[in-house]
1. Quick one: I151, I219, fewest Cβ neighbours within 10 Å first, how do they rank?
2. Sort out the exposed loop trypsin sites (Lys or Arg not before Pro) in the chain (DSSP loop, at most 13 other Cβ within 10 Å) and tell me the longest stretch that has none.
3. Can you give the helix-only mean residue ellipticity at 222 nm for the chain, where every DSSP H stretch with n ≥ 4 adds -39500 (n - 2.57) and the sum goes over all residues, rounded to the nearest 500 deg cm²/dmol?
4. Using the count of nearby Cβ atoms within 10 Å as a rough guide to exposure, how do H228, H199 rank from fewest to most?
5. Toward the positive end of the charge dipole of the chain, about the Cα centre and with charges on Cβ (Lys, Arg +1; Asp, Glu -1), which of L24, Y158, L217 goes farthest?
6. Using a/c under 1.5 as the rounded threshold, could you call the chain rounded, prolate or oblate? The axes a ≥ b ≥ c are square roots of the C-alpha gyration tensor eigenvalues, and prolate needs a/b larger than b/c, oblate otherwise.
7. Report the local net charge at D171: Lys and Arg +1, Asp and Glu -1, summed over other residues whose C-beta lies under 13 Å from its C-beta.
8. For I240, I191, which order do you get if you count the other beta carbons within 10 Å of each Cβ and list the fewest first?
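Just so it is clear, none of the values below were taken in a lab; they were calculated from the coordinates. What you see is a predicted model; the values in this text were computed from it and never measured. All Cβ positions, glycine included, derive from the backbone under ideal geometry; neighbour counts span all protein chains shown.
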Amino acid sequence: MEPDDDDAPEPNYRELVNDGPTELHDIRRRLTWAYQDGLTLSRRITAFTKSDPHGMLIEFDGDKWHVKFQRRIKEEEEWQEYEILARLFGSFLDNNRAALNYLAVELAKLAIVKDPTLATGPWKDRLRPEKIEFPIFNAKPKFFDEGEAKIRRLPKTYRDAIKAEQPFINDDNKGLWDLHILSAEFRHRVIHPIAVLPHKHLFRVLMDDEPVKTTDLRILVGDDPVKHDQEVMEFRTPNISEDRYDDVKPSITISVGFDHPLCRGRDSIAVINRMGNNVGSVIERFVKFFD
């Protein structure tokens, strides 16, 4: 079930949490919390967008068309909503990342149950579950330089399974890299801001729902967030008669999303879904070790 599936019935969270081996219960709790965060976050973004808080002002100066971004609500109202979204996003990141780290800890505990000698011997050589983290790397050299050190005391079977989930090996797990970067930054140094982001590759000019031939079209934004009263596009329509000017409709695609290089130009709900789905799938593939 994806967080933006409004028609899906609410799951029985207690059953989900208590499903399977007891070692997985807290992991499933963090997953459930992440799912609830993601669901609420996605629904709030959708509802806020549908409330039409932003739009475009289209002006013609007698020679050229100008399109400006407009905030249609009070700045304070926008700020309050963005604060809620930022908090939900942070909680979503924390819970997903914690679920993976809990998994690594439980694997270490399981390894010691099967082979108690892993927790004996010199202190520096012991397997200590409290020191284990689930590594995430998007480059093979970095994983072998740094990632393997995080799990080197785990049995090879577990190390190989963790390695197989790395984004540099499994293309389906690219959301894990998003999670790694975003959650680490959130945990240590920044609350990821919410903003209106332009999707400039979708900017166009229409009339009667068909593309219009323009000249001197300039897109005046990059990937950075747009601000109130900022001009985003200008163009000329030399082949359109004056009596049709009211039918000229610039189509400017914007969305409320996360102001981060990894997220700009992407649909925010798709970003959420990919991270959540990747984490859930990874954990399910490890259930077999606890059966």
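1. Going from least to most buried by this count: I219, I151.
2. Formally, the longest exposed-site-free interval is 75-151.
3. -13500 deg cm²/dmol
4. Lowest count first: H228, H199.
5. About the Cα centre, the residue reaching furthest to the positive side is Y158.
6. In terms of gyration-tensor shape, prolate.
7. For residues surrounding D171, the net value is 0.
8. Working: I240 17, I191 12.
Fewest-to-most ranking of I240, I191: I191, I240.
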